[in-house]
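A.B. asks: Sharing a structure with you now.
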Amino acid sequence: MSGPGGPRGGDASGPAGRPDRGARGPGGRIAPLGDLGLVGQGRAPAGRSRELVAALAEVRDQPDGPARLVELERIAAQADAAGDDRSAVEARVALIETALLHGERWRLVEPARRCLAVLDRRPEIFTEAEGELLTRYQRYAIEALLGTPRVGLDQARTVDDLARRIGADTEAVAELRCQIADHLGDEPTAREWYERWAAAEPGAVGGCPGCAPARRAELLAGWGDQTAALDELRDVLDGAVDCTDQPERALTAALLPWLRQGEPELAGAAHVRAYRRHRGERGSFPHLATHLRFCVLGGHPGRALDILAEQLPRLDQPYDDLSAMEFAAAGALVCNLAVEAGLGGRTVRRPAYGQRPVAELDVATLGGVLLGVATELAGSFDARNGTGHQSGRIAAWLAERPVAVPVPLAADDPADGTDGPDDDPEPADLEPVPLTLSMITDALDRRGDRYAVESDATVVGRWGDAVIQFRQLGERGEILHARSLATRRLPAARRAEAYAFCNAWNHDRLLPKAYVHDPDGELVLAGDVSTDLAHGVAPAQLAVLLNAAITTGVAYAEAVAALP
C-alpha cells in the first residue's frame with residue numbers, strides 16, 4: 001500500500017518516497033520471486049541447505065513481530081556462512097516484505113543492498129522477473145531514505161547504481177533525482193529532473209502510473225505552481241485513470257491549490273470525500289497533514305481540532321518520520337489558529353502510549369507539544385542533509401493564515417455508515433479499555449452487520465465476496481485478528497498463479513496480508529490483519545479498525561473473484 005509523493009517547499013502537502021498502492025494496469029505488475037520463498041514449498045533444491053529451507057518454511061507461519069524478524073535475520077546470517085545464497089536472499093526478501101507491510105521502510109535498506117549484491121555476483125540464479133523485482137526494491141529503499149533521518153543520505157545516492165541497472169533516462173531514475181533534489185531544497189535541479197520525469201515513458205520499476213500525476217502535482221504545488229498542479233491532476237479527477245488510490249489521493253493533492261485558486265466549493269467537497277477514506281487507512285497517514293491544513297486555512301478550526309483529536313493516537317506509530325513531522329507541524333498550526341479563533345478552552349485527550357500516561361491537554365499546550373515534535377524531526381533531517389530546508393518548510397507552514405471567507409463544506413454523510421469527524425462521540429467511546437468479544441459485536445451491531453458467534457468466540461460474517469472472521473489472540477486476548485476468506489476457490493492446478501497473485505497483492509497493498517491455504521485439495525485465498533491492542537482500545541477506535549478490515553477484506557475478495 002502507498003502514501004503521497006515528495007516533500008516540497010512551503011506549500012507542500014505530503015512526504016516523499018512512498019511506494020504507491022495503486023494498480024499498475026495491464027502488464028504493470030512485477031512477477032513474484034518464484035522459489036524465493038514468500039510462498040515456497042519447503043523443498044531443498046540443489047545447492048540449498050535442507051535445514052535452512054525448513055527453517056524458512058517454519059518462520060513463514062510465525063506471526064509478525066520482533067521474534068520473527070530476529071529469526072529471519074538469523075537464517076540470513078547462517079545462509080551467508082553456509083554459502084547458500086538462495087536462502088539468504090529468501091530470508092532478506094521476507095525482511096523487506098515485513099518492512100513494507102508494517103511501515104518501517106527504512107529497515108529495508110540493508111537487506112535490499114545485500115540482495116542486490118548477490119544479484120550482481122550470481123545473476124545466473126535469478127530469473128529476469130526476479131532481478132526486476134529486486135531492482136524495484138532498490139527503488140523503494142532509496143525512497144524510504146527520504147522519509148527518515150536515521151540513515152545517511154549518501155545511501156540515497158545509490159540512484160547512480162539504479163541508473164546503471166535500468167538506464168539513466170528512465171522514469172524511475174528521473175523521479176528519484178527530482179525527489180532527492182526537492183528534499184534538499186534544490187528547486188532548480190528538482191525542476192530540471194521533473195521535466196525529464198514528466199517526459200519519460202512509464203516503466204516497470206517506476207511507481208504506480210495512476211498515482212504519478214498526484215506525485216507531480218504535490219511537487220508543483222510546493223513550488224507555488226497551483227495552476228500547473230491542477231492541470232496535472234485533470235485526467236485523474238476526470239476518472240480517466242485506473243488506480244485503487246484514486247480519486248481520493250488526487251482530491252487531496254488538489255485541496256490547497258483549489259483553495260488558493262478561488263475554488264472553495266470544489267476544495268470543500270474534495271476534502272469531505274477524501275477524508276472519509278483516509279481517516280481509517282493506515283497507509284493514508286501521510287495525507288492527514290493536508291486535511292488538517294486545509295480545514296484550518298479554510299476557516300474551519302473546529303473541524304480541524306476534531307480531526308486532530310481523532311487522529312492524534314496515530315502519531316505514536318506513524319507511517320515514517322517525514323509524515324510524523326508534517327502531521328505534527330500541521331497540528332501545531334491548527335492549535336495556533338484555533339487559539340486565535342477563541343477555541344483555546346477546548347481540551348484534547350492524548351492517549352497513553354508505552355510509559356506515557358493519558359493526558360487531557362488544552363489546545364495551546366498540545367500545540368507546543370506538536371511543535372516540539374515537528375521541529376526536532378525537521379532538525380534531524382536538516383542535520384543529516386546538511387541544509388535548513390525542512391526547518392524552513394515547517395516555519396512556512398506555521399506562518400500561514402486562513403482565507404478571508406470560510407470554505408463551504410459538503411454534508412459529511414459517509415457511504416460506509418461510520419460517523420464523520422463532526423459527530424461528537426460519547427466520552428466513554430474515547431477511553432481505551434481491554435478488548436472484549438462484546439466490544440467487537442457491539443461495533444458490528446452499530447454498523448448494522450449480520451454475523452454469527454462460534455463456540456470458540458470467533459465472530460464470522462459475510463460481506464460481498466468475503467467471509468471475514470474476527471477473533472482475539474494473545475495470552476490476554478489483546479490482539480485483534482481479522483481473517484478474510486475469498487468465497488471463490490481455485491483448483492490446485494492453479495497454485496503457481498495463486499502464489500503470484502498473493503505476492504503481487506502484498507507488494508502493492510498494506511492490508512490484508514495475503515496467502516494461500518490448501519485445506520481440502522482446493523486453494524483458499526485468504527488475508528490476515530493483526531492489531532496489537534495491549535494498551536487497550538477505545539470503542540470509537542475499534543469501529544475504525546473493524547471498518548478498515550472489512551473494507552480491505554472485501555477489496556481482496558473482489559480481486560480474487562476478478563481473476564480469469
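The values are calculated or read from the model by the stated rules, or taken from the named source; none is laboratory data. Here the structure is a predicted model, which is why all the values come from computation and not from measurement. Note that each Cβ is placed from the backbone with ideal geometry, even for glycine, and that neighbours are counted across all protein chains shown. Accessible surface areas use protein heavy atoms only, side chains included; no ligands, DNA or RNA. Shrake-Rupley method; radii C 1.70, N 1.55, O 1.52, S 1.80 Å.
A.B. asks: Please verify whether residue 234 is open to solvent by 30 Å² or more (accessible area, probe 1.4 Å), modelled with pLDDT of 90 or more and either touching a Gly at 6+ places or on another chain (Cβ under 7 Å) or not assigned by the TED database to the domain that holds residue 511 (or both), treating the condition exactly as stated. Give the steps one after another, and end with the answer.
C.D. replies: Numbers: open to solvent by 30 Å² or more (accessible area, probe 1.4 Å): yes; modelled with pLDDT of 90 or more: yes; either touching a Gly at 6+ places or on another chain (Cβ under 7 Å) or not assigned by the TED database to the domain that holds residue 511 (or both): yes.
The answer is yes for residue 234.
A.B. asks: May I ask you to list the residues in the range 79-113 that are open to solvent by 10 Å² or more (accessible area, probe 1.4 Å), over 21 Å from residue 316 (Cα atoms) and not in a helix (DSSP H, G or I)?
C.D. replies: Within the range 79-113, just 83 meets the criteria.
A.B. asks: Show the residue pairs that are 6+ apart or on different chains and have beta-carbon atoms under 7 Å apart, the first residue being within the range 515-533 and on the phi > 0 side of the Ramachandran plot and in the same structural domain as residue 545 (by the TED database), the second being among the aliphatic types (A, V, I, L, M) and not in a strand (DSSP E or B).
C.D. replies: Matching pairs, first to second residue: 521/492.
A.B. asks: Please go through the range 461-507 and give me each residue that is part of a loop (DSSP other than H, G, I, E, B) and either among the β-branched types (Val, Ile, Thr) or under 12 Å from residue 528 (Cα atoms) (or both), ordered by number. I'd like the intermediate steps shown before the answer.
C.D. replies: First, the residues of the range 461-507 that are part of a loop (DSSP other than H, G, I, E, B): 464-465, 474-478, 487-489.
487, the sole residue that qualifies.
A.B. asks: I would also like to ask the following. Can you tell me which residue in the range 452-486 is least open to solvent (accessible area, probe 1.4 Å), limited to those that are touching an Asp or Glu at 6+ places or on another chain (Cβ under 8 Å) and either under 13 Å from residue 441 (Cα atoms) or outside the structural domain of residue 441 (by the TED database) (or both)?
C.D. replies: 461
A.B. asks: Can you name the condition, by its number, that residue 76 falls short on among (1) open to solvent by less than 50 Å² (accessible area, probe 1.4 Å); (2) more than 20 Å from residue 96 (Cβ to Cβ); (3) modelled with pLDDT of 75 or more?
C.D. replies: So the condition that residue 76 fails would be (2).
A.B. asks: Inside the range 392-404, can you point out the residues that are in a helix (DSSP H, G or I) and either open to solvent by 50 Å² or more (accessible area, probe 1.4 Å) or more than 18 Å from residue 181 (Cβ to Cβ) (or both)?
C.D. replies: Listed by number, the residues that qualify are 394, 395, 396, 397, 398.
A.B. asks: Something else now. If you go through the range 55-73 one residue at a time, how many are in contact (Cβ under 8 Å) with a residue 24 or more places away in the chain and either of a type in the set (Val, Ile, Thr) or not in a loop (DSSP other than H, G, I, E, B) (or both)?
C.D. replies: The number of residues fulfilling the criteria is 5.
A.B. asks: On to the next question. Collect the residues in the range 143-155 that are buried (at least 24 other Cβ atoms within 10 Å of the Cβ) and part of a helix (DSSP H, G or I), keeping them in residue-number order.
C.D. replies: Within the range 143-155, 143, 144, 145 qualify.
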